[in-house]
Amino acid sequence: MSGVYLGADIGTTNMKVLILGSDGKVKSVYKEITPKYVSEGSEFLNIKKVEKFIYHVIENVKKEVNVLGMAFSSFGESVVPIKDGVSLHDPLMWNDRATIEYWKDHERNLSYLTPYSITGVNSDYTFSIHKIRWYKDRGIVADKWLPVCSYIAYKLCKVSAWDFSQACRAFALDIHSRQWNCVLLKELGETKETMGKLLYTGELIGMTSDNIPIYSAGHDHITGLFAIALLTDSEEFIFDSMGSSSVIAAVLKEKENELHMEAPFMIGGTLGVAFEDGQYYLESNMRYYGKLLQWVINLTGNELASSTFERLNREINNFEEFPESPLFMVNGDLILREKAKGVTLYETPLEINPARLMQSAYIYLAGSSKFIIDNLKNFSEKKFQIIAGGGCTLNDTLMNYKASLLDREIQVFPINETTALGAALAAAGSKDIQTIENTKKSYPLNTFKPDKNLGKKLKTTVEKIWKEYEKLKENMGG
């Protein structure tokens, strides 16, 4: 049957709705800035404005074409409190620090219920359960708690469900039994009923009042990972999602309980439920990736535009030397984790200029990506195929640095809106194999090949920089 699939991505910076035709071609992408506001020192998502945007797009599309299915993705950790079918409060943004004290209390009193062997993630203040406690302390009594993407689906089909990828970010999931951690939920005064049923990406949630099926999609980066899983011929691969933040993830099938881990595979590494029984993803992230590059542009007083990057990249590509300083100290990075607040430059040369500063940022980001990928490579006997997606893949200089430093080809999916595409494909999924095949043919992967000479210089530079980070980490107390 001809028609379109609608996939939404509610991101930290922007909201996108992608319309994918059954011929495998993207028909249009609707985009708006994510509506947020600050109240009493905390940042919230304006859920009503999100609904208005999504519903407006749906109605416009339905007037023109036959909608075969819909799925919604969003950032993780944020939850919407619901009672009698109505949202009671706008959700805290995923990275808001209002939940710090609840996280510390959890560490003191409940951490025995959430070991890594169950959750697959290190304890963090961002997780959904801490936000639930935050709401409760403000007298908000809900009969359902849903992540943002699930809330949109719930409003359309009246079924409450969590995609596994969102449940992994709640800190209340047993990733191996693939069930809610009911002992923990009881301590929080919740049940599996108030949380909702658990689904793999691409499973049917329910039907709208006009019989359009709604399928499960979840955490934005993992929904992008789902798109690549469908569109690549490799059973095991690494996906480098390069947006405002970055997640590098490997998808693999467990063979003999080797992924039942007692501790992370690397500092900050997480293990999560992928897209079928026995399948997992291993990932690590950087909280600021494209956002760091935007920060450099703002710091140097340049206009945030593609022409600025093009001008700076022309200068960078003519440089023969590779700077070892300044060092970037970034909140949530792989070295200093939460010891750094915001972005700090350390040992900045007096003669620094915008192009040199941007080059240093590229080296920092490329080196961090290599650090993650080197750790992931330990889990496969053969070479993982490396596929990248997201807005940063448009930066050829950054991509050349990464491919050369890794000494590996990096294949880039040519649609920037990988998460929204993943949601649209979740709505097609195994039910419409022809649309998947058509999409593969319509959007073949581009390839960045390593430059051996550039890679040799970058490797020497990154090794020196990493030693300096280790010294800095020791000076800051480990």
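Observations on the structure shown:
- Working from Cα pairs under 8 Å separated by at least six residues, relative contact order for the chain is 17 percent.
- Kirkwood Rh, angstrom, the range 1-58 [1 / mean 1/r, Cα pairs]: 12.6 Å
- Cα long-axis angle, helix 220-231 against the chain (0 to 90 degrees, to the nearest 10): 90 degrees
- Partners of Lys83 within straight-line reach, counting lysines whose Cα lies under 27 Å from its Cα and excluding those fewer than 8 residues away in the same chain: Lys36, Lys48, Lys49, Lys52, Lys131, Lys136, Lys144, Lys155, Lys158, Lys186, Lys192, Lys197.
- Restriction of the trypsin sites (Lys or Arg not before Pro) in the range 127-230 to DSSP coil positions whose beta-carbon has at most 16 other beta-carbons within 10 angstrom yields Arg138, Lys158, Arg178.
- With Cα atoms defining each centre, the range 147-213 and the range 299-371 are spaced 40 Å apart in the structure.
- Rg ratio for the range 392-478: its Cα radius of gyration over 2.2 N^0.38 Å, N being its residue count, equals 1.59.
- The stretch between Glu107 and Lys341 holds 82.1 nm of extra length on full extension. This uses 0.36 nm per residue minus the Cα-Cα distance.
- Estimated vicinal HN-Hα couplings, Hz - the range 58-66 in sequence order (Karplus 6.51, -1.76, 1.60; Gly, Pro = x): 4, 5, 5, 5, 4, 5, 9, 9, 7
- Here the relative contact order of the range 4-220, from alpha carbon pairs under 8 Å that lie six or more residues apart, stands at 21 percent.
- In degrees, nearest ten, helix 433-442 long axis to first principal axis of the chain (Cα): 30 degrees
- Annotation: average projected area of the range 4-220 is 11.7 square nanometres, based on the convex hull of Cα atoms across all directions.
- Cα-based helix-to-principal-axis angle, 290-299 vs the chain, degrees rounded to 10: 60 degrees
- MRE, 222 nm, helices only [DSSP H, n ≥ 4, -39500 (n - 2.57), over the chain, to nearest 500]: -11500 deg cm²/dmol
- In terms of overall dimensions, the C-alpha atoms belonging to the range 228-286 reach 35, 30, 13 Å along their principal axes, ordered largest to smallest.
- Per-pair calculated FRET efficiency, R0 = 35 Å: Asn353 and Glu381 via Cβ, rounded to 0.05: 0.15
- Computed over the range 328-443, Kirkwood Rh from alpha-carbon pairs, angstrom: 17.1 Å
- Hydrodynamic radius by Kirkwood, which averages 1/r over all alpha carbon pairs of the range 131-183, in angstrom: 12.3 Å
- Loop trypsin sites (Lys or Arg not before Pro), the range 243-342, which have at most 13 other Cβ atoms in a 10 Å radius of their Cβ (DSSP): Lys255, Lys341
- Partners for Lys377 among aspartates and glutamates (Cα-Cα distance below 12 Å; same-chain residues under 8 apart left out): Glu236, Glu283
Read-outs: derived from the displayed coordinates by stated rules, not from any lab. These numbers come from a predicted model, not from an experiment. Glycine also receives a Cβ, built like all others from the backbone with ideal geometry; neighbour counts cover every protein chain displayed.
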